[in-house]
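See below for the structure under consideration.
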Amino acid sequence: MSLELALFYLAALVSLSATVLTVTRTNASHALIYLIISLLAVALIFFLLGAPFAAALEIVIYAGAIMVLFLFVVMMLNLGRETVAQERRWLAPKMWIGPGIFAAVLLLELLYLIVGTEVVTSGKGVSPKEVGIELFGPYLLAVELASILLLAALVGAFHLGRRYMRARREEIE
Amino acid sequence: MTAVSVPIEHVLVLAAALFTIGLVGVLVRRNVIFLLMSLEIMMNACGLAFIAAGARWAEADGQIMYMLILALAAAEVAVGLGLVLQLQRRFDNLDIDAASELAG
């Protein structure tokens, strides 16, 4: 039981320090990498709290899709002559030390959780099945509202981005 | 009687700390990309609080609220990044104060 607590505090420490480093970076790419580490640490905490489905969603949607969207925009805004040299400077090997250490700590914790058979998640977890039954039962209206929100965001993002892309194309031509 | 052995108070303190870091980021940084990242940190902290509450009573509702926050974060980022592209096009920098004129 106390081991579980130690895993939680370690993940919390990684998450807090990675978040502080995210907010204090001056370089957007470096901040994004620390933010991804922070989200992975929070996903591990979800797993420890007995919410494996939320942990998977955190990694797939937050650390995956949303952060890739950020990365796309950061890379799009840096189109220019000196981009290649800048990328090389940004991705210098010593920049990877901090995120690498954090990610290694999280990987060790995850390996420990997977290999150790008796401590998987603490206490009584909530399985994806229960979440699904609740989600499409009493919360059906909320799901529909979320889908409308996502549709509105899709239309809005397309509208804003299309004008940008057209202007860029004219600049290039 | 708690369903989890991790004390909920500690998880809530962590969520509050993450939220505060995000809030400080929103207030201090002036680059729009960092502003959006800080907003993501704040929303993620809210999700952590919901998951902790759901785990405390072993109910699925916490995870459902987390999923709704996830949908909100995805929608916000899509529109926010579209606005970032517009800001870059119109003002040629990413300073949020450049867009404070609100004149037509």
Exercise. For n ≥ 4 DSSP H runs only, could you compute -39500 (n - 2.57) per run for chain B, divide by its residues and tell me the 222 nm figure to the nearest 500?
Key: -26500 deg cm²/dmol
Exercise. Measure off 7 Å from each Cα along the Cα-to-Cβ vector at A:Ile97 and A:Leu150, then give the distance between these two points in nanometres to one decimal.
Key: 4.2
Quiz item: Size of the dipole of the protein assembly as shown about the Cα centre, Lys and Arg at +1 and Asp and Glu at -1 on the beta carbon, nothing else charged, in debye to 20?
Solution: 760
Quiz item: What relative contact order, as a whole-number percentage, does chain B give when Cα pairs under 8 Å and 6 or more residues apart are counted?
Solution: 28
Quiz item: Taking neighbour counts of Cβ atoms within 10 Å as a proxy for exposure, in what order, fewest first, do A:Phe102, A:Phe46 appear?
Solution: A:Phe102, A:Phe46
Self-check item: Shielding by other protein chains, B:15-23, mean Cβ within 10 Å
Solution: 3
Quiz prompt | Peptide B:88-101, shielding by other chains (average Cβ, 10 Å cutoff) | solution = 1
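Where a number appears in this text, it was derived from the coordinates with a stated rule and is not lab data. What you see is a predicted model; the values in this text were computed from it and never measured. Virtual Cβ from ideal backbone geometry, glycine too; neighbours counted across all protein chains shown.
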